[in-house]
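Peer 1: Sharing a structure, written as structure tokens. Questions coming.
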Amino acid sequence: MKHHLKLISIFFLSLAIVYGSFLISANNPKNTDVGIKPSILKTKYINPSSRIIRIEIEVLDDTKKDFNDILEVKFNNKQIPLLKAGASGRRARKYYQVKPGTYTLKWKVSKGKTWPRSKTFEKEITLNETDKFAYILIEGEKVTVTTSWINDESI
């Protein structure tokens, strides 16, 4: 019986110490250096000196030609994962945020039973400082790049 009372008293004592430490830490925060505040202007999303351009890449199989399926797509040497094609031929849709510059788009299309079995295409995409976003549509062997630009007065 004494053993059980000793365990119960130790349990309640430790519970009181832990609960008391929580109460003390809530009243006395650890970081008392209030003079240093993080600057919101240092984040890369708000910094006006670095423009960010949003890119949407949509990959479709060519449904007009047989065996013109897309095998792989790379944007700026980054592989875009492809899904199985549905009835519309959609294989992927991917979004990126990049800085102005020149980027490489590579894609490989199967050619069916003719030799060579696949053909690789490549396109250089140049994004200017005035571009707001870019839409890239890959459909079989064709690619279409559409960009929207910002009026110079709004920069």
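Peer 1: Modelled label-to-label distance, ARG93 and VAL18, 7 Å Cα→beta-carbon offset: nm?
Peer 2: Once both label points are built, they end up 4.9 nm from each other.
Peer 1: Further question on the same structure: Are any of the pairs LYS64/LYS113; LYS64/LYS132; LYS113/LYS142 more than 22 Å apart by Cα-Cα distance, and if so, which?
Peer 2: LYS64/LYS132
Values in this text are rule-based calculations from the coordinates and carry no lab data. Bear in mind the structure is a predicted one, so any value in this text is a computation, not a measurement. Counting neighbours? That spans all protein chains shown, and the Cβs are built from the backbone with ideal geometry, glycine included.
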